[in-house]
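Asks: If you scroll down you'll find the structure; I have some questions about it.
The values are calculated or read from the model by the stated rules, or taken from the named source; none is laboratory data. Only a predicted model underlies this, so the values are computations on that prediction, with no experimental measurement involved. Every residue, glycine among them, receives a Cβ derived from its backbone with ideal geometry; neighbour counts consider all protein chains shown.
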Amino acid sequence: MTRSVLKWSATGLCGLLAACAIITVNVYFPEKAVKEAYKSLDEMLLKKGEEKPAAEPKPAEEPKGEEARPQSRLFEQLPRVSLVSEAWAAENYADDLAVELSSMPDVLKAYDEMSSRLPRLRALFDAGAIGVNSQGLIEARDKGKVAPPDEALIKAENASRKVVVTGMAKAILKLNKQKESRAAINQVLPKAAATYAEIKREEAKPGWWVQLQNGRWVQK
C-alpha cells in the first residue's frame, strides 16, 4: 500500500514538474516593440555607412512669456492619458530590446558584416537575382545571375541574420525575466523570425522579390 502511494505521488510530482516546464516556455512576445527594435538596429548599425542628408537648421525658439507659464504648469498637473502611457511603455520596451541586442558581441559582429555586404546584395536585389523569404533570409530567384562568390555571400548573410534573430529571442527572454533554455528560445524564435521577415518586406524596394507568409513570391 505504501509503495503504491509513493508511486502515485512520484507520478503526480513528475506531471506537475512537466506542467511547470511548459508554463515557463510560454513567453510574452511584444511584436510592436520587436519591430521597432529591429528598425532601430538597422538604422544605427546596418545603414551606418550610408550618406544622410544634412539636418535642417532648427528654427529659433520663441521667447517664453509669463502668460505661457501657468498653462505649462497646468498640463504638468494633468494625469496622462492611458493610451499615451501605453505607447510610451511600448517605445521604452523597444529601446530596451535594441540596447540589449547591441550589447551582444556576436550580434554587433553580424551587423558589421551585413553592412559590408549591403552594396552587393542590393545590386542582386535590383537585378531580380535574389529575394527575401518568409523567414527573412536570402534566397536565389534567378540562379543564372548568382555567381559562386555570390552564393557564398548569401550563405554568410543568412548566417548573420540568424544570429540577429536568435539574439532577439534571447533579449525577449531576458526582459521577460525568463530563464534562457533551448526550449524557451525555440518558443520565441519563429515569431522573432517572422517579425524580422516582415521588416525586410517593408524595407524592400519596388521590383524586389519577397515571399509572403503564405509562401507566395511577389515583386513589390
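Asks: Would you confirm whether or not the range 143-164 contains a residue that is surrounded by 13 or more Cβ atoms within 10 Å (Cβ to Cβ) and of a type in the set (Asp, Glu)?
Replies: yes
Asks: Right, another one. When the range 195-220 is examined, which residues are found to be surrounded by 18 or more Cβ atoms within 10 Å (Cβ to Cβ) and among the hydrophobic types (A, V, I, L, M, F, W, C)?
Replies: Selection gives Ala197, Ile199, Trp208, Trp209, Val210.
Asks: A further question follows. Give the range 177-205 a look and list any residue that's at pLDDT 95 or above and assigned to a loop (DSSP other than H, G, I, E, B), or say none.
Replies: Ala204, Lys205
Asks: Using the structure shown, decide if Ala171 is crowded, with 19+ Cβ neighbours inside 10 Å and in contact with a Gly (Cβ under 9 Å, 6 or more places away or on another chain). Steps first, answer last, please.
Replies: Details: crowded, with 19+ Cβ neighbours inside 10 Å: yes; in contact with a Gly (Cβ under 9 Å, 6 or more places away or on another chain): no.
Criteria not met by Ala171.
Asks: Now for a separate question. Among the numbered criteria (1) within 27 Å of Asn92 (Cα to Cα); (2) polar (S, T, N, Q); (3) over 19 Å from the mean Cα position of the chain (by Cα), which single criterion is violated by Ser160?
Replies: (3)
Asks: Report every pair of residues separated by at least 6 positions or lying on different chains whose Cβ atoms are under 9 Å apart, first residue within the range 118-139 and surrounded by 14 or more Cβ atoms within 10 Å (Cβ to Cβ), second among the hydroxyl-bearing types (Ser, Thr, Tyr).
Replies: Sorted first by the residue in the range 118-139, then by its partner, the pairs are Gln135/Tyr196; Gly136/Thr195; Gly136/Tyr196.
Asks: Can you name the number of the only condition in (1) within 14 Å of Lys155 (Cα to Cα); (2) not in a helix (DSSP H, G or I) that Ser134 fails?
Replies: Among (1) within 14 Å of Lys155 (Cα to Cα); (2) not in a helix (DSSP H, G or I), the lone unmet condition for Ser134 is (1).
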